1. Within the stretch 60-85, which residues are in a helix (DSSP H, G or I), open to solvent by 10 Å² or more (accessible area, probe 1.4 Å) and either of a type in the set (A, V, I, L, M) or under 17 Å from Gln112 (Cα atoms) (or both)?
2. Output the residue which, of all residues in the stretch 101-145 that are part of a loop (DSSP other than H, G, I, E, B) and within 14 Å of Ser41 (Cβ to Cβ), is most open to solvent (accessible area, probe 1.4 Å).
3. Need the failing condition index for Thr77 against (1) more than 18 Å from Asn106 (Cα to Cα); (2) in contact (Cβ under 8 Å) with a residue 40 or more places away in the chain, just the number.
4. Show the residue pairs that are 6+ apart or on different chains and have beta-carbon atoms under 6 Å apart, the first residue being within the stretch 96-117 and charged (D, E, K, R), the second being open to solvent by less than 90 Å² (accessible area, probe 1.4 Å).
5. Which of the residues belonging to the stretch 86-96 are in a helix (DSSP H, G or I) and either farther than 12 Å from Ile129 by Cα or of a type in the set (Gly, Ala, Ser) (or both)?
Amino acid sequence: MKALFLCLIFVAFSVHAEGGRDPACNDRTFSPVKKAARVESRLVGASGKISPVFHAYRNVSACNKEFFIKLSKESSTNAGKTYALIWLFDNDKESYETIKTSMDKNGKVHIQAGCALNTYSMEDVFKKIESGELQAQLGIKNERQ
């Protein structure tokens, strides 16, 4: 009985330490989003191929807020930070605002929706996130509502 109890505690701690209740919330699935060169819609390019970065974002979208705060801090790109901001805006506005105010509003991010690749200032990206325009453009639905 004691062994079973210790096993359950270990499993619960392991899930929490990985960033959420979902096994997708780990550094390996986190890496493509963290290193993203651009924000991408589900289908990109003239041939409409499935974006691996969008797929990775979908895999981690069930993770908790600590996971996305970590993404915003550890991402070396504005694209990675933008994915974190999208999730936080839809799920934790207070964290969204905190991270938003710490970012350079003149920084640039590349966004590819289908065939169109555009570059925006972070200030414009904030507006697109807050209006829901970016989520709609990318095909991202708020899974928690």
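1. Ile69, Asn78, Lys81
2. To start, the set of residues in the stretch 101-145 that are part of a loop (DSSP other than H, G, I, E, B) comprises 103-107, 115, 132, 139-145.
Applying the additional criterion that residues be within 14 Å of Ser41 (Cβ to Cβ) yields 115, 139-141.
Values: Cys115: 95, Gly139: 43, Ile140: 14, Lys141: 150 Å².
Selected residue: Lys141.
3. Only one criterion is unmet by Thr77, namely (1).
4. What qualifies is Lys100/Phe126; Lys105/Met122; Lys105/Glu123; Lys108/Thr119.
5. Narrowing the stretch 86-96 to residues in a helix (DSSP H, G or I): 86-91, 93-96.
Within the stretch 86-96, Asn91, Glu94, Ser95 meet the criteria.
The values are calculated or read from the model by the stated rules, or taken from the named source; none is laboratory data. Worth saying up front: this structure is predicted, and the values here are computed from it rather than measured. All Cβ positions, glycine included, derive from the backbone under ideal geometry; neighbour counts span all protein chains shown. Only protein heavy atoms, including side chains, enter the accessible area calculation; ligands, DNA and RNA are left aside. Shrake-Rupley method; radii C 1.70, N 1.55, O 1.52, S 1.80 Å.
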